[in-house]
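*Asks:* One structure is given below, represented as structure tokens, and several questions about it will come after.
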Amino acid sequence: MSYETILYETADNVATITLNRPDSLNAFNDQMIGETTDAFKQASRDKAVRCVVITGSGRGFSSGQDLADVQAREGDFSIGDHLRHGYHRLIKQMVRLEKPIVAAVNGVAAGAGCGVALAADLRLASDKASFILAFSRVGLIPDSGTNWLLPRIIGYGRAYELAITADRLTADKALEWGVVNRVVPHDQLMETVAAWTGPLATGATLAYGLTKRAMHRAFDQSLAEALDYEAYLQETAARSHDFSEGVAAFVEKRPAEFRGK
Ligand code: LHQ
């Protein structure tokens, strides 16, 4: 599939998805939701891809739903259906993708754009990045998975505060609150992303994917269920090439050469 609203590139086992509607700070219209979902599917199917980066072109990460588009469709528009057929597929695709996703947050991430950043596994932010749960500014509740994702990352009290105030969370505060993993000077963002993704893309991809599955599942499990599920997934990890290679490399005192399987 060729894309018009995003860029999709692969190099060195890393797929990079760039949201590319900079005039609206990368607001999501239907086409961009569909293309971004498709790009994550492509990254999932491509065995050569072992890590995915999502970022925005221009000065924003994403301003969320394209509100001009919503206004143009008023009367003929069910937000519930729009969410179910659009954002839900995208967010589920990201959370189920068993490869690490890094959001390189280059600027503002608002509304559903914030939801997409939160659905990544790791967030690396430029010092110009910010997060705004803009939903309440237009009389809506958080959506696109934000109600599920954000309290898990920063806890209910902080998440609820951000939702009802729609205050801008600056990059530094986002670091303090644990919304982002690192903040770097804006002009060093993509080189820092590359320094992160290099080792991730040559690491134990199968184990990284199973870890993501185990941690997400554990939110809804009792301790006993989580322990059982860990043991089950660990059996899978222990049958991998990377486990044999990791152990051999340790014993032979040499760097491991993981294949991600
Ligand atoms: C935009 C947008 C935008 C279109 C900036 N749309 N053009 C789900 C399902 C269905 C319906 C509704 O919603 C949802 C989920 C959601 O995402 S709800 C939340 C939607 N997003 C927002 O409410 C955020 C709206 N944008 C803003 O508040 C500001 O633009 C922020 C704070 C993101 C950035 O502010 P500034 O840096 O001052 O930039 P700006 O406001 O000047 O925007 C630059 C341009 O981008 C401007 O166009 P122009 O032609 O004047 O240069 C904006 O109109 C356009 N733009 N966001 N969401």
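*Asks:* So Leu67 passes all but one of these: (1) free of Cβ contacts under 8 Å to residues at least 60 places away in the same chain; (2) within 13 Å of the ligand (Cβ to nearest atom). Which condition number does it fail?
*Replies:* Among (1) free of Cβ contacts under 8 Å to residues at least 60 places away in the same chain; (2) within 13 Å of the ligand (Cβ to nearest atom), the lone unmet condition for Leu67 is (1).
*Asks:* Another question, then. Has the range 184-195 got at least one residue that is under 18 Å from the mean Cα position of the chain (by Cα) and among the hydroxyl-bearing types (Ser, Thr, Tyr)?
*Replies:* yes
*Asks:* May I ask you to say which residue of Phe28, Phe77 is over 25 Å from Thr197 (Cα atoms), open to solvent by 40 Å² or more (accessible area, probe 1.4 Å) and of a type in the set (Phe, Trp, Tyr)?
*Replies:* Phe77
*Asks:* What do you reckon, is Ala104 buried (at least 21 other Cβ atoms within 10 Å of the Cβ) and more than 13 Å from the ligand (Cβ to nearest atom)?
*Replies:* Yes: the conditions hold for Ala104.
*Asks:* Hey, another quick one. Looking only at the range 151-184, which residues are part of a helix (DSSP H, G or I) and within 14 Å of the ligand (Cβ to nearest atom)?
*Replies:* Leu162, Ala163, Thr165
*Asks:* Now, a different point. Any residue at all in the range 91-99 that's out of contact with any Pro (no Cβ under 9 Å at 6 or more places or on another chain) and either near the ligand (Cβ under 9 Å from one of its atoms) or outside the structural domain of Ala195 (by TED's automatic domain parsing) (or both)?
*Replies:* No: zero hits.
*Asks:* Looking only at the range 44-58, decide whether some residue is surrounded by fewer than 24 Cβ atoms within 10 Å (Cβ to Cβ), in a helix (DSSP H, G or I), of a type outside the set (Phe, Trp, Tyr) and in the same structural domain as Ala110 (by TED's automatic domain parsing).
*Replies:* Yes; the residues of the range 44-58 include at least one that is surrounded by fewer than 24 Cβ atoms within 10 Å (Cβ to Cβ), in a helix (DSSP H, G or I), of a type outside the set (Phe, Trp, Tyr) and in the same structural domain as Ala110 (by TED's automatic domain parsing).
Yes/no matrix, rows are residues, columns are (1) out of contact with any strand residue (DSSP E or B) (no Cβ under 6 Å at 6 or more places or on another chain); (2) on the phi > 0 side of the Ramachandran plot; (3) open to solvent by 30 Å² or more (accessible area, probe 1.4 Å):
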| site | (1), (2), (3) |
| --- | --- |
| Gly178 | yes, yes, yes |
| Ala195 | yes, no, yes |
| Thr205 | yes, no, no |
| Gly246 | yes, no, no |
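The values are calculated or read from the model by the stated rules, or taken from the named source; none is laboratory data. This one's a predicted model, so the numbers in the text were calculated from it and none came from an experiment. FYI the Cβ positions are ideal-geometry reconstructions off the backbone, even for glycines, and counts take in every protein chain you see. Accessible surface areas use protein heavy atoms only, side chains included; no ligands, DNA or RNA. Shrake-Rupley method; radii C 1.70, N 1.55, O 1.52, S 1.80 Å.
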